[in-house]
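Please read the structure below before turning to the comments.
Since every read-out is calculated from the coordinates, none of them should be taken as a lab result. Everything quoted here is computed from the prediction, not taken from an experiment. Please note: Cβ atoms are built from the backbone with ideal geometry, for glycine as well, and neighbour counts cover all protein chains shown.
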Amino acid sequence: MASVTLLTVWASPFSMRAKLALLLKGIEHEDLPQDLGNKSKLLLESNPVHKKIPVLIHKGKPVPESVIIVQYIDEVWPETSPLLPQDAFLRAKHRFWTDFIDKKIFDSLARFMRSSDGGAAVNEEFIQNCMLLEGALAELGSEEDGPFFGGASMSFLDVMLAPYSVLIPGVEQVMGLKPASPEQCPRLHKLFGAVAEHPSAKAALPQIEKLKEFIQARFARK
């Protein structure tokens, strides 16, 4: 096994985060795709509590959970492409909005995908959550500094959000999600556009067409 190994599932936004952080840092690693319908002994031993992906294994030591993995990567390899800000207050802000993404953006999107009534109410909730995130972009940095939360370069919070640049249009095109418009969230749209053009993100995130096939097979309403 390589000194850095990632237990992953390609369609998981949480796996995408870990993969993107590794690529941004230029860390050589091995991807070990996992079958969650038949979990491997390595996965069960590496994450015995939650039994979920992703898991980063570094020098034989497992680190589970995407947020923890990305923080670990940033701490162990601080020299290249630092992700978390140096300022303690800004670091706290990045962690706050990461928690918001996981508890509000992901949750409302997941509930829309599982809804049996078309999801109009939860769709509106999703838009409102995106508009709050738009406010965070304005709060944490000037548009003149660049499209990302980190300005011209991707930061910790950008890594947390990047998978939604493919997940949202995938759900929109397959399941009829109405995302926040460019008028409602202009900076968020610019951020997603910049993610789509970023070399590391291109390598870490799946093509939307491939993701659409997965969503269609797994979640599309009958």
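Structure data summary
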{"item": "Signed unit charges on C-beta, dipole axis of segment 4-76, positive-most listed residue 23, 34, 48", "result": "48"}
{"item": "Pairwise FRET efficiency - residue 196 versus residue 51, Cβ, R0 = 25 Å, nearest 0.05", "result": "0.15"}
{"item": "Exposure proxy ranking, count of Cβ atoms within 10 Å, fewest first, for 143, 183, 134", "result": "183, 143, 134"}
{"item": "Rel. contact order, % - alpha carbon contacts under 8 angstrom, at least six apart, segment 4-76", "result": "38"}
{"item": "Backbone N under 17 Å from the residue 2 label point (7 Å along Cα→Cβ), restricted to segment 71-95", "result": "73-74, 77"}
{"item": "Listed peptides 104-117, 66-79 by packing density, highest first (mean Cβ within 10 Å)", "result": "66-79, 104-117"}
{"item": "The chain: relative contact order in percent, alpha carbon pairs under 8 Å with at least 6 residues between", "result": "21"}
{"item": "Peptide ranges 19-25, 86-92, 175-181 listed from the most packed, as the mean C-beta count within 10 angstrom indicates", "result": "19-25, 175-181, 86-92"}
{"item": "Extension reserve of the residue 103-residue 139 stretch, reckoned as 0.36 nm per residue once the Cα distance is removed", "result": "11.0 nm"}
{"item": "Relative frequency of Cα-Cα separations exceeding 23 Å in segment 88-218, percent", "result": "31"}
{"item": "Over 23 Å between alpha carbons, listed pairs 19/51; 178/210; 25/59; 19/210; 25/210", "result": "25/210"}
